[in-house]
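The values are calculated or read from the model by the stated rules, or taken from the named source; none is laboratory data. All of these numbers come straight from a predicted model, not from anything done at the bench. Here the Cβ positions follow ideal geometry from the backbone for every residue, glycine too, while neighbour counts run over all protein chains shown.
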Amino acid sequence: MTKIFIPIITLCIFFTSCSVSNYNPSKKFSSDQLKQDYTLLRNVLEKKHPALYWYTPKDSMNFYFDSLYSSIKDSMTELQFGWNVLAPLTNKIHCGHTSFGMSKGWNNFYKNVRIPSFPLYMKIWKDTMVVTVNLNKKDSIIKRGTLITSVNGIKTVPLLQQMFQYLPMDGYADNVNYVRLSSNFPFFHRNIFGIYKNYRVGYIDSSGIEKTTLIPMFVPEVDTTKKGKKKIVLPKKDRHQLKREKILSYRSLNVDTMANTATMVLNTFTKDEGKHLRKFFRQSFKKIRKEKIKNVILDIRGNGGGDIGMYILLAKYLRKDPFRVADTSYAIAKSLKPYGKYFKQRLTNNLGLLFFTKKHTDGNYHFGYWERHYFQPKTKNHFDGDLYVLTNGPTFSASTLLCNALKGQDNIKLVGEETGGGWYGNSGIFIPDVILPNTKLHVRVPLFKLVQFNHVPKNGRGVTPDIFIPPTVEASVKGIDRKMLMVKEMIRKKQTAITE
């Protein structure tokens, strides 16, 4: 197993088709430059982050700050600084909205670049890693459905625990990170451990015996077709169809009158990209009422959050009683000074802090509207039938607020897995990026701490489902949506029992 210390720019030249750019991903920043960026970030976090010590005590956080600063002994590339220093730092805060991102130059440079990597995509949960795709198509040993037990001598559980130290999460709600690793294990393994020419992989063979094998890294083929390729202009009809498909990927409604069930898939609460959520909710619940639908499946497994107002609007159609957003919602500073010039959208965020907050006796600046205002359920097109809300790790931020607002109502069941967003609360509302002046790396810094309305005790977990449906190897291999099928079967049995 040979680890390859080839600069990524070299890998790009040899294995991919690169566009001409002045950006050099192999550029190294001096330790002084890196320490300047790091010190600035520490100051910003200590002065502006409202939940810096929510799950990590101040003395422990200071230890992590100091030890990671001491680790900056030599020059590093942007990638090395991001993953070796900023990723473990932001992880220690236990705030899912506090994370680092690569620079604009990096993202533009690698927009269409494919880099060699670990070849296996896997569905991952708890102590299980099952292969869903092997990029090395000619591999006759490791196939779809193979259980992987180790990578480079590290067993599954220690491997995942080690990788989790580089990923952000709310409190200890780590279910979101199983899904992150499942979506792109090669990406995370490459950035955390580096690239190896070969990987020693442990697996379970068809007879149930654990074995090991050596598999090569995946090397993407050079795409020579892009050079000089003219941009294709689609006909207007096709453009409209693509736009519609994009919108449907954000939100959709399917009504099955025979099963007396409507399935609403909602993957965001953001209002941009032409999603028209307000209109979508209005038309959807009007249709549900007119069709006399008694069962609704609300799928928010892919909903990472967005606009608080949109979650409130949806909750109005579903919740029976008045509700508030938060028991507590506050910032620890009235403005971004003296670090304003390092924040994106500093004017908008400064104005928000100025006009929407008021200093209380606790010394914090409270967003009183979310703490005081009760939102009333809608009377027109309100849904009073049986609601099944599908959740899992990526159910985050505003979608977790929705889960809290709905959980416990007699006609509502949360089904699936624990949410990735914190049940007790989270940090957010305004979440601007800090751009570090030397490396240009981005770090998201939430400005408000929010404790949920009628909150549960602070245990660091996400919202737990009423009906737990975990992943299975069979469903992962066959691509079966087990949670959706089981909910539809629950509805069918209940419908059958009513008619008998």
- Item | Test for Thr400: is it touching a residue at least 12 places away in the same chain (Cβ under 8 Å), more than 23 Å from Arg301 (Cβ to Cβ) and of a type in the set (Val, Ile, Thr) | no
- Query: Can you spot a residue in region 356-376 that is without any contact (Cβ under 8 Å) to a residue 40 or more places away in the chain, out of contact with any Lys or Arg (no Cβ under 8 Å at 6 or more places or on another chain) and either over 18 Å from Pro50 (Cβ atoms) or β-branched (Val, Ile, Thr) (or both)?
  - Reply: yes
- Scanning region 416-462 residue by residue, the ones that are of a type in the set (A, V, I, L, M, F, W, C) and within 27 Å of Asp299 (Cα to Cα) total 8
- Task: Provide a single number: the residues in region 351-371 that are buried (at least 17 other Cβ atoms within 10 Å of the Cβ) and part of a strand (DSSP E or B).
- Result: 2
- Out of Leu336, Leu248, sole residue that is surrounded by fewer than 14 Cβ atoms within 10 Å (Cβ to Cβ) and not in a strand (DSSP E or B): Leu248
- Task: For residues that are of a type in the set (Ser, Thr, Tyr), over 19 Å from Pro88 (Cα atoms) and surrounded by fewer than 20 Cβ atoms within 10 Å (Cβ to Cβ), tally how many sit in region 150-198.
- Result: 4
- Based on what the data block shows, is Gly305 surrounded by 14 or more Cβ atoms within 10 Å (Cβ to Cβ) and modelled with pLDDT under 95? yes
- Could we say that Asn459 is over 23 Å from the mean Cα position of the chain (by Cα) and within 30 Å of Ser329 (Cα to Cα) here? no
- Task: Could you pull out every one of the helices (runs of 4 or more DSSP H) wholly within region 390-500 that has 2 or more residues that are more than 30 Å from Leu120 (Cα to Cα)?
- Result: 398-406, 482-499
- Just a yes or no: is a residue in region 372-383 part of a loop (DSSP other than H, G, I, E, B) and within 28 Å of the chain's Cα centre (by Cα)? no
- Task: Among the candidates Lys488, Lys493, single out the residue that is modelled with pLDDT under 95, more than 30 Å from Leu354 (Cα to Cα) and either of a type in the set (Lys, Arg) or surrounded by 14 or more Cβ atoms within 10 Å (Cβ to Cβ) (or both).
- Result: Lys493
- Arg482 fails exactly one of the following numbered conditions: (1) touching a residue at least 40 places away in the same chain (Cβ under 8 Å); (2) in contact with a helix residue (DSSP H, G or I) (Cβ under 8 Å, 6 or more places away or on another chain); (3) charged (D, E, K, R). What is the number of that condition? (1)
- Query: Which members of region 45-95 meet the condition of being farther than 30 Å from Pro457 by Cβ and hydrophobic (A, V, I, L, M, F, W, C)?
  - Reply: Leu68, Ile72, Met76, Leu79, Phe81, Trp83, Val85, Leu86
- Under 6 Å between Cβ atoms, at least 6 apart or on separate chains: pull out the pairs that start in region 26-42 with a residue that is free of Cβ contacts under 8 Å to residues at least 60 places away in the same chain and end on any residue that is of a type in the set (Val, Ile, Thr) and assigned to a loop (DSSP other than H, G, I, E, B). Ser31/Ile72; Lys35/Ile72
- Of all helices (runs of 4 or more DSSP H) completely enclosed by region 19-111, which ones contain at least 1 residues that are modelled with pLDDT of 95 or more, surrounded by fewer than 19 Cβ atoms within 10 Å (Cβ to Cβ) and β-branched (Val, Ile, Thr)? 31-48
- Message: So Thr348 passes all but one of these: (1) β-branched (Val, Ile, Thr); (2) closer than 27 Å to Lys279 by Cα; (3) assigned to a loop (DSSP other than H, G, I, E, B). Which condition number does it fail?
- Response: (3)
- Message: Given the condition in contact with a Ser or Thr (Cβ under 9 Å, 6 or more places away or on another chain), at pLDDT 95 or above and of a type outside the set (D, E, K, R), answer yes or no: does some residue in region 223-232 qualify?
- Response: no
- Task: Within region 272-292, track down each residue that is out of contact with any Lys or Arg (no Cβ under 8 Å at 6 or more places or on another chain), over 17 Å from Leu406 (Cβ atoms) and either assigned to a loop (DSSP other than H, G, I, E, B) or modelled with pLDDT of 95 or more (or both).
- Result: Asp272, His276, Arg282, Gln283, Lys286, Lys287, Arg289, Lys290, Glu291, Lys292
